Amino acid sequence: MSLSRLIVQNLRNLLSVDIEPSPDVNLIFGKNGSGKTSILEAIHVLSLGRSFRGHKFKALINEHHPAMTVFGRVDDSGGDVPIGVSRSRSGDATFKAHGQAVGSLAELAGLLPLQVINADAFLLLEGSPSVRRQFLDWLVFHVEPGFFSTWKAAQRCLKQRNSILRRDRIEGSELQVWERELVAVSERMASMRLRAFEAFSEVFHQLIDEFVMAEGLTLSLYRGWEKDKGYAEVLSEALERDSRLGFTGSGVHRCDIRIRIKGHAAADVLSRGQQKLLVCAMKITQGVVFAKLTDRRCIYLVDDLPAELDEEHRQLLVDWLHKLETQVFITGVEQEALLQPWHQKPDREIKLFHVEQGKIVE
């Protein structure tokens, strides 16, 4: 799977961009502030309707224009798929695939699966549980067909239960109705996450030593409540506390991947360089498992690779991206630093793009 065309209008300083990327390797270089990261943002907008830099879409729109548009063509096993996203300052948004409006961004995400490696990716270790939960849910979403609808149902049930708790109506039958559904969807969702995590963990432990030697490294999944109890029992025991606090304290919304070295949080033990390599291993694992379970390839967006890894480990990451046989977009300031790791990969089609003041030249 690959992005065969990308058209961008009025996204940050990219006023008019129209390129045909390589299905293999796309290297994008230019000075800081030139617009190279904005190319990656545009691809991310096509997949999720927003930038990986944040959820505030208005910041993406060029200050001199009322709206931005991103259009792309995705080559997949099902053929050529046109997709497009348009967002205006007024809040209007249009999302299209196959020439028709789509009902949710989940449909776009399914058409254009992405993995991003940038400075923020390292929050996987030192960030909040929500970062790791979103990381896992990316894989679950793509390999478990019913996950998105189950996730939405769980969110709805949690919202309703919390509302009842805040209104102090815990004695009524209304709470029982919502709790029954919450238990059912939560346990189903936890099972989906566990299956994906087990597949991820198996591959991760096979390749981690290639990235970073970390003796005693373990991954475990906390589903959001005690492993030796059913969720109905947990809710019952916590009802008084939850009522006092006004929200549900345990559940799938508390799920976390715990990454430890000899019992200690990995972020507290590893050096900054080792943390970067561990995160790269996790990102590569996502691509390997995704390909194994779906027979598709996700696209990798790597922002400012030379600044994040030294030469030896840049080569290691590139070698793994090469093994995945997936489309990659990599940015950097220096042309040669981007090209060097690919010199021994003559079988890959490499396109080099130079970005300057929002204009891109192949």
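Once the 1.4 Å probe is applied to the protein heavy atoms, the stretch 66-151 comes out at 43 Å² accessible per residue.
Taking each DSSP H run with n ≥ 4 as -39500 (n - 2.57) and averaging over every residue of the chain yields -14000 deg cm²/dmol at 222 nm. Straight-line reach from Lys96: taking Cα to Cα under 13 Å and skipping same-chain neighbours fewer than 8 places apart, the aspartates and glutamates in range are Glu107.
Cross-link partners of Lys159 among lysines, defined as those whose alpha carbon lies under 25 angstrom from its own and excluding same-chain residues fewer than eight positions apart: Lys56, Lys227, Lys229. A Gaussian network model of the chain, with springs between Cα atoms under 10 Å, assigns the largest mean-square fluctuation among Asp24, Asp80, Asp168 to Asp168.
Pop the C-beta distance of Ala291 and Gln134 into the FRET formula with R0 = 25 Å and round what comes out to the nearest 0.05. For R0 = 25 Å, the calculated efficiency reads 0.75. For the stretch 202-239, applying the loop criterion from DSSP together with a ceiling of 14 other beta carbons within 10 Å to the trypsin sites (Lys or Arg not before Pro) yields Lys227, Lys229. Please work out whether the stretch 1-118 counts as rounded, prolate or oblate from its C-alpha gyration tensor, where a ≥ b ≥ c are the square roots of the eigenvalues and a/c under 1.5 means rounded, while otherwise a/b larger than b/c means prolate and anything else oblate? Verdict is oblate for the stretch 1-118.
Does the stretch 269-362 classify as rounded, prolate or oblate by the C-alpha gyration tensor (a ≥ b ≥ c root eigenvalues; a/c under 1.5 gives rounded; else a/b over b/c gives prolate, otherwise oblate)? It comes out oblate by the Cα gyration axes. The Cα atoms of the stretch 81-125 give a gyration tensor whose axes a ≥ b ≥ c have a/c of 1.5 or more with a/b no greater than b/c, which makes the shape oblate.
In the chain, taking the dipole from charged Cβ atoms about the Cα centre, the farthest positive-side position among Ile350, Gly249, His65 is held by Gly249.
Among the trypsin sites (Lys or Arg not before Pro) found in the stretch 75-169, those both in a DSSP coil and sparsely packed, with 15 or fewer other Cβ atoms within 10 Å of their Cβ, are Arg89, Arg167, Arg169. Length gained on full extension, Asp319 to Gln176: 46.1 nm, using 0.36 nm per residue less the C-alpha separation. Positive contributions from Lys and Arg (+1) and negative ones from Asp and Glu (-1), summed over other residues with Cβ under 14 Å from the Cβ of Arg133, come out at +3. Cross-link partners of Lys58 among aspartates and glutamates, defined as those whose alpha carbon lies under 19 angstrom from its own and excluding same-chain residues fewer than eight positions apart: Glu41, Asp92. Summing Cβ point charges (Lys, Arg +1; Asp, Glu -1) relative to the Cα centre of the chain gives a dipole of roughly 1200 debye.
The values are calculated or read from the model by the stated rules, or taken from the named source; none is laboratory data. Model, not experiment: these values are computed from the prediction. Counting neighbours? That spans all protein chains shown, and the Cβs are built from the backbone with ideal geometry, glycine included. When the accessible area is computed, the model is the full protein with side chains, heavy atoms only, and any ligands, DNA or RNA have been set aside. Shrake-Rupley method; radii C 1.70, N 1.55, O 1.52, S 1.80 Å.
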